[in-house]
Amino acid sequence: MENNQKKILVLGGTGAMGVYLVPELLRIGYHVDVVSLDDIKSDNPNLTYTVNNARDENVIRPILENGGYDGIVDFMIYSTELFTKRYKLLLDNTKHYIYLSSYRVYADEQHPITESAPRLLDVSDDTEMLETDTYALAKARQEDILSASSYKNWTAIRPAITFSKRRYQLVTMEANTVVVRAREGKKLLLPAPARYVQATMTWAGDMAKMISRLLFNPEAYCERITVSTAEHHTWDEVASYYKELIGLEVEWIDEMEYLRMVNPDHPMRDARWQLEYDRMYDRIVDNSKVLRICGMKQSDLTPIHDALKAEFE
């Protein structure tokens, strides 16, 4: 490694976003270390993979304290309890820490969504949900931990739904159902209340370009930034892309029937919260902040249909 070459640690770097971010960081000229549970070998002298559990304190502490990392991009999913114990260790051992939040923190009160839009954590009156650490609430709470800290070397990114070679979403369904049903010539059942709701999906390749340009960017420090395209479509339109590209047939069914199908043991808990507090919200994003900071234009981003087509091919 060259003496002036910046060194980046990517935690969970073999997932949907990491598979595009890591090559982008290498292209820029960084040295990249990846820690994940996937066993991948590198033939690039500037890229190292370590197979390990980054949630384990005994694993991550020596990596961080001995790594000399200029930047950390953290794709790990933490409970708020674990993040409370972990964030100082992360921030103490890098010049810039990029934390993966989510656009799911937003409530349904502003259209299009900007970074100042109200969050579910702050405005929801669903007392049962608020007593949990479900995904949207955990992300908001962990953002607040960073914001309330004395540290100034963090950025919280809020990606919209991200699709990639490892991830194809349709409402709350994921690739292991969407692609398999298409291959088997079987219909995919989807919740009717989401059918004509606006959805925002961003290709992971574009997400990687934006994240790489936020890294070490002075305008990104101590900011919460929605990382997303501005393009949006109804879920019905997205379903039509899947039909065109892989032959997927869908049927729109009653919401409770759908929830019982996807989570028969607890249909009114996490499955409902993801559906009703995200996929049934009109998710139209104003991405002017991330484009401005990254020096990009909406026209630099790949249309959803074209990116899906390329990934399926």
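The values are calculated or read from the model by the stated rules, or taken from the named source; none is laboratory data. Model, not experiment: these values are computed from the prediction. In this analysis, Cβ positions are derived from the backbone assuming ideal geometry, glycine residues included, and neighbour counts consider all displayed protein chains. Heavy atoms of the whole protein, side chains included, go into the accessibility calculation; ligands, DNA and RNA do not. Shrake-Rupley method; radii C 1.70, N 1.55, O 1.52, S 1.80 Å.
Projecting each Cα onto the charge dipole of segment 137-187 (Lys/Arg +1, Asp/Glu -1 at the beta carbon, about the Cα centre), which of ALA175, SER150, ALA140 comes out farthest on the positive side? The Cα lying farthest towards the positive end belongs to ALA175. Mind checking the angle between helix 235-246 and the chain's longest principal axis? C-alpha axes, 0 to 90 degrees, to the nearest 10. Value to nearest ten degrees: 80. Each of the peptides 6-18, 39-51 was scored by the mean count of other Cβ atoms within 10 Å over its residues; in descending order, highest first, they stand as 6-18, 39-51.
Here segment 247-294 has 45 percent of its accessible surface on carbon and sulfur atoms, given a 1.4 Å probe and all protein chains in place. Residues whose amide H falls under 5 Å from that of THR48, counting only those 5 or more places apart or on a different chain, are VAL32, ASP33, VAL34, with hydrogens built in the peptide plane. The C-alpha atoms of the chain occupy a region whose extents along the principal axes are 58, 45, 37 Å, arranged from largest to smallest. Against the main long axis of the alpha-carbon atoms of the chain, helix 18-28 sits at an angle near 40°. The calculated Kirkwood hydrodynamic radius for segment 233-299 is 14.8 Å, given to one decimal from all distinct C-alpha pairs.
Computed from Cα positions, the angle between helix 57-67 and the longest principal axis of the chain comes to roughly 50 degrees. Counting only the Cα atoms, segment 175-243 fills a convex hull of 124 Å³ per residue. Average accessible surface for the chain: 44 Å² per residue, computed with a 1.4 Å probe over protein heavy atoms with every protein chain in place.
For segment 172-189, the Karplus equation 6.51 cos²θ - 1.76 cosθ + 1.60, evaluated at θ = phi - 60°, returns couplings of 9, 7, 10, 4, 5, 9, 4, 6, 5, 4, 5, 5, 8, x, 10, 6, 9, 8 Hz by residue, with Gly and Pro reported as x. The Stokes-Einstein estimate for segment 201-313, based on a Kirkwood radius over Cα pairs and taken at 25 °C with 0.890 mPa s viscosity, is a diffusion coefficient of 149 µm²/s. Determine the shape class of segment 11-92: with a ≥ b ≥ c the square roots of the Cα gyration tensor eigenvalues, call it rounded for a/c under 1.5, and otherwise prolate if a/b is greater than b/c, oblate otherwise. The shape class here is prolate.
Segment 44-76 and segment 236-285 have Cα centres spaced 35 Å apart.
The residue among MET268, PHE75, HIS96 whose Cα reaches farthest toward the positive pole of the charge dipole of the chain, with charges on the beta-carbon of Lys, Arg, Asp and Glu, is HIS96. Entry note, the chain: relative contact order of 18 percent, from Cα contacts under 8 Å with a spacing of 6+ residues.
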